[in-house]
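Data block below; observations after.
Coordinate-derived values only; no laboratory data. Fair warning: this is a prediction, and the values are worked out from it, not measured in the lab. Glycine also receives a Cβ, built like all others from the backbone with ideal geometry; neighbour counts cover every protein chain displayed.
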Amino acid sequence: MSRYDLLFEPVKIGPVTAPNRFYAVPHATGHGWSQPNGAIALRATKAQGGWGVVAAQMQEISADSDLASHPMDRIWDDTDTAAHVAQVQAIKSHGALAAIELAHGGMRSRNLTTGLPVRGPSHLPILRPELPIQARAMNKDDIKNFRQSHLAAAGRAIAAGYDILYVYAAHDLSLLSHFLSRRTNHRTDQYGGSLGNRLRLLREVLEDTLELANKNNRAVALRFSVAEPDSAIGLRQDGEGREVVEALAELPDLWDVNISGWPQDSATSRFTEEGYQLSFTDFVKSVTTKPVVGVGRFTSPDLMVSMVKNGQLDLIGAARPSIADPFLPEKIKQDRLEDIRECIGCNICVSMDGYGVPLRCTQNPTIAEEWRRNWHPEHIPPSSNKQSHLIIGAGPAGLECAWTLLRAGHKVTIADAADFAGGRVTREAALPGLNTWTRVRDYRVAQIQKSNLAELYLSSEMTVDNLCEFDADHIVIATGSHWRGDGIGSCSMQKIDFNTDTVLSPDDIMNGHIFDQQNTDIVVYDDDHFYMASVIAEKLAGLGHNITYVTPASTVASWTDYTLEQSRIIQRMNELAINIKVNTALEVSGEFKSTLTGQPITIDHTALIMVGAKSPDDTLFLAASADPRLKNVHIAGDCQSPGIIQAAVLSGHTCARQILSGSSAPLPFKRESSIVIRQDQRP
């Protein structure tokens, strides 16, 4: 018997039974209602990978819950039924239960495409207002209509074949959570005021859904955020959050518990450890006899077992870990723990939601490409024509390219000038809070080292003559990039004539540069706007230096808003007494100037860290491409186009797939399209 057998026990959820304890909870895929095939294939892949329950994302139940640029699924009317039927069949074909999260966005709705008024419990501006839209307080007829819409959507979900229907009151993304919250519910009628009144609508919708589900042998899950750590008057796990669970304890067939809002629920590994939500949610099992599923970026099978044994959870919920490795359950079942592609908690998957596009993942380059490109996360079609490949660079792009070619049965040699593998991953993972990023390197190196078709050489700088001597069928150059130190960045396309004697780049800091004096006054200038400047500032402040963070942007690390880290980064800077100056640009002259007033700003400092643009290290590629002795020379990763680590991994994978295709033409994409039916042809 395996010590993980407990995880593969069936779990009864009302009238249905999950085949094991692995539960792929609802999360956005970025496909939305207009690209159903992509979402269906993604979720079917999870079911194939052993997840006992696979849940579809937040479903708009009606036209007055239009989330606009956030591409959610829809179950408005029978027009949506065919896609849901296909999704259920795809999930169930692999033996998993299919769940669906029925939801109304309430004050998170936009209704830009429908033109309907946004509705909520009270007359208040919509939440996170990108546009000046205000929600209208719902009257009794509105509430009645909402209940009817939810019940009708539940009926359509049952007709489509879903096993588990969700009532959604979580993440500050649901009308039901807006009625629960004192922050958004200012009513004085029977739906406002006391907790019992604010809970009334949730109870009514839950009872409506249960009555219909029970008649059709379906289970009902309640997804509920037991605490709102980022809200001064929000629910608390030792207060009203617990009281809600106690009041509804035995009603739902399943409790799906988490914390709110989304930045709290999907916190990155830079600021939270695996299982970070348990301190908020683990009381639920003591209150109800119904099964409980929870999340916490779980990747450790031993922790999973301990949570079940300790009575914290019945089912292991996952969103991000199921994206990073859709086959995580199957690998645990087969005792292949070293093959698990662990989530690194970087939230690149989350960031795609801000753009309304399908998922990307640093660890799993095949995510969202299951249907569009027919890419499988575990299986690469074997090649009949086995070739030899030389890959220069053992960073994220080179390692991913090598591992993909190896799985197709090719011989691969990897050479890197450094004395370590991993490239930028290894260097950046040594910075504060980024240690889990080593998983990108460790997973791929471990897989490569298991193959007898692979060779890895470190401290091996290559020239064009070396490439010619090797005589490989294909050469892939993945030599990465380096940070520029000349002042060019996102907001400045000109070099800067620095007035500071010591101007360094992030590479200098990662290479171990030591300042001669303690308490050095250092400016970290952020014209990159992602994580790097804030991490460098944190590192130097931790060494005892006086740090001023300066950026021409209007806020700190602006792109980290997409990865849900920005508020935590600002909090960390304040804890470390880092001085923050936004709207402050470095001029070509080397002087600081306000971007709002144009007036000069004096910042005392003796050293400046320039975090701006990068330059590709493509010298070897350019020379090899121009040498007539060499054929089939390819380029991948930051060497081709500097970007984030996820982009480098995807580039390496795509390069390998391109080579395996045997064609020089760009790899094709399948496209989803809508069939236009003329008015006279409609039923």
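The length gained on full extension between K670 and D189, counted as 0.36 nm times the residue separation minus their Cα-Cα distance, comes to 167.9 nm.
For the chain, the longest principal axis of the C-alpha atoms and the axis of helix 200-215 are separated by about 80°.
If one takes the longest principal axis of the Cα atoms in the chain, at what angle in degrees, from 0 to 90 and to the nearest 10, does the Cα axis of helix 532-542 lie? Here the helix axis deviates by roughly 80 degrees. Computed over neighbours whose Cβ is under 15 Å from that of A41, the net charge equals +2, Lys and Arg +1, Asp and Glu -1.
Is the C-alpha gyration tensor of the stretch 168-291 telling us rounded, prolate or oblate? Criteria: a/c under 1.5 is rounded; beyond that, a/b larger than b/c is prolate, otherwise oblate. Cα axes put the stretch 168-291 in the oblate bin.
Extension gain, Q148-Q571: 0.36 nm per intervening residue step, less the Cα-Cα distance, totals 147.9 nm.
Classify the stretch 559-683 as rounded, prolate or oblate, taking a ≥ b ≥ c as the square roots of the eigenvalues of its Cα gyration tensor: rounded when a/c is under 1.5, otherwise prolate if a/b is larger than b/c and oblate if not.
On the way: a/c = 2.70, a/b = 1.41, b/c = 1.92.
Oblate, because a/c is 1.5 or more while a/b does not exceed b/c.
Here the calculated FRET efficiency for F515 and D604, from their Cβ-Cβ distance with R0 = 22 Å, stands at 0.90, rounded to the nearest 0.05. Full extension of the chain between E273 and L596 yields a length gain of 112.4 nm, computed as 0.36 nm times the residue separation minus the alpha carbon distance.
Looking at the chain alone, DSSP beta bridges between its own residues are antiparallel in about 15 percent of cases. Neighbour counts of C-beta atoms inside 10 Å place K215, K333 in the sequence K215, K333, starting with the fewest.
If you take all other residues with their beta carbon under 14 Å from the beta carbon of T188, and give Lys and Arg +1 and Asp and Glu -1, the sum is +4.
For the chain, the longest principal axis of the Cα atoms and the long axis of helix 81-92 meet at an angle of about 70 degrees. Note on D77 and S384: the model spin-label points, each 7 Å out from Cα along the C-beta direction, lie 5.1 nm apart. Spin-label pair S625-R203: with each label point 7 Å from Cα along the Cα-Cβ axis, the two points sit 6.8 nm from one another.
Indicate the gyration tensor shape class of the stretch 166-238 (rounded, prolate or oblate), computed on the Cα atoms with a ≥ b ≥ c the square roots of the eigenvalues: a/c under 1.5 is rounded; otherwise a/b larger than b/c is prolate and the rest oblate. Cα axes put the stretch 166-238 in the oblate bin.
Rounded to two decimal places and with Rh computed the Kirkwood way over Cα pairs, what is Rg over Rh for the stretch 5-355?
Looking at the stretch 5-355, the ratio lands at 0.94.
Applying 1/(1 + (r/R0)^6) with R0 = 41 Å to the Cβ-Cβ distance of V464 and D5 gives a FRET efficiency near 0.15. Computed over neighbours whose Cβ is under 11 Å from that of A421, the net charge equals -1, Lys and Arg +1, Asp and Glu -1. Take the Cα of M493, step 7 Å toward its Cβ, do the same at A86, and the gap between the two points is 4.3 nm. Set against the labelled values (i) 26.6, 83; (ii) 39.3, 130; (iii) 30.5, 102, Rg and Dmax of the Cα atoms in Å computed from this structure falls on (i).
Going from the fewest other Cβ atoms within 10 Å to the most, the residues Y355, Y4 appear in the order Y355, Y4.
Residue order for R108, R336, fewest other beta carbons within 10 angstrom first, comes to R336, R108.
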